[in-house]
Amino acid sequence: MARYLSGVCRFCRRERVKLFLKGERCYSEKCVMERRAYPPGQHGQRRSKLSDYAVQLREKQKARRIYGVLEKQFRHIVRDAEQAKGTTGDNLIKLLECRLDNLVYKMGFASSRTQARHLVRHRHFLVNGRIVSIPSYSVRLNEMIEPKERSKKVEVIKNALDSIEKRGLPSWIELDKSKMQGRLVGYPNRDELPNLPVNERSIVELYSK
């Protein structure tokens, strides 16, 4: 499977916005966007006007990088969003938000989506009592997500859960912190994601060409 092994802070600089790819570091003064909020490279500080295509491409790249999805995977998600009932843009956001790795992160069991993917792949989490090791697994309503009994003692998971108040818990997620159990109780509306720096309409327009 393809993996990106270099630094991810350059992604935030390239998109000129925090993508929260490094967990706790993104909330501190050490975040690179606090010091160098311009694109990397020799010509990073130049100002240039983007074409319509470039704007659409940047929105797609932001979404891919935020959710940690490869190009081929993202294309399949857009296709599924187009085939589902409702608005394609809203369906796209719903499909991305309901990925298991994203929900593990949103529930506070990991400090970043990258860390959540690693934990899921290493078989630390149960969905309705069954081990699921596929980060892209689409979680359905009222499915219970929790670490395995032995994994509840893992320091990485415990430390991440202790800092959930800093990030906040979305309204469509129900969490029992004492039992370390989370449940998807609804699908997110776009209005409930004001901090998601993505224009999904531009992404839909890009793939409709």
Going by what's in this entry, would ARG64 be described as at pLDDT 60 or above and in contact with a Leu (Cβ under 9 Å, 6 or more places away or on another chain)? yes
Where a residue in segment 92-119 is closer than 13 Å to ILE157 by Cα and its partner, wherever it lies, is among the aromatic types (Phe, Trp, Tyr) and not in a helix (DSSP H, G or I), with Cβ under 8 Å and at least six apart: VAL104/PHE125; PHE109/PHE125; SER112/PHE20; ALA116/PHE109; LEU119/PHE109; LEU119/PHE125
Given (1) modelled with pLDDT under 65; (2) part of a loop (DSSP other than H, G, I, E, B), where does ARG13 come up short, assuming only one miss? (2)
Taking segment 172-191 as the search range and keeping residues that are free of Cβ contacts under 8 Å to residues at least 12 places away in the same chain and exposed (fewer than 15 other Cβ atoms within 10 Å of the Cβ), which one is farthest from ILE66 (Cα to Cα)? SER178
Suppose we filter LEU169, LEU161, LEU119 for residues that are part of a loop (DSSP other than H, G, I, E, B) and surrounded by 12 or more Cβ atoms within 10 Å (Cβ to Cβ); which single one remains? LEU169
Tell me which residues, restricted to segment 56-77, are part of a helix (DSSP H, G or I), buried (at least 20 other Cβ atoms within 10 Å of the Cβ) and in contact with a Lys or Arg (Cβ under 6 Å, 6 or more places away or on another chain). none
On the basis of being more than 16 Å from the chain's Cα centre (by Cα), within 22 Å of ASN128 (Cβ to Cβ) and part of a helix (DSSP H, G or I), does LEU206 make the cut? no
As an exercise: evaluate GLU146 against (1) in a helix (DSSP H, G or I); (2) surrounded by 14 or more Cβ atoms within 10 Å (Cβ to Cβ); (3) of a type in the set (Asp, Glu) and give the number of the one condition it does not meet. (1)
Qualifying positions in segment 82-92 - more than 17 Å from the chain's Cα centre (by Cα), surrounded by 14 or more Cβ atoms within 10 Å (Cβ to Cβ) and in a helix (DSSP H, G or I): THR88
Between GLU192, GLU155, GLU149, which is acidic (Asp, Glu) and under 17 Å from LYS106 (Cβ atoms)? GLU192
Taking VAL198 as the residue in question, decide whether it is crowded, with 19+ Cβ neighbours inside 10 Å and modelled with pLDDT under 95. yes
Segment 82-141, subset among the β-branched types (Val, Ile, Thr) and in contact with a strand residue (DSSP E or B) (Cβ under 7 Å, 6 or more places away or on another chain), residue farthest from LYS72 (Cα to Cα): VAL127
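The values are calculated or read from the model by the stated rules, or taken from the named source; none is laboratory data. The shown structure was predicted, so the numbers you read here are calculated from the model rather than taken from an experiment. Because the Cβ atoms are built from the backbone with ideal geometry, glycine has one as well, and the counts that use them run over all protein chains shown.
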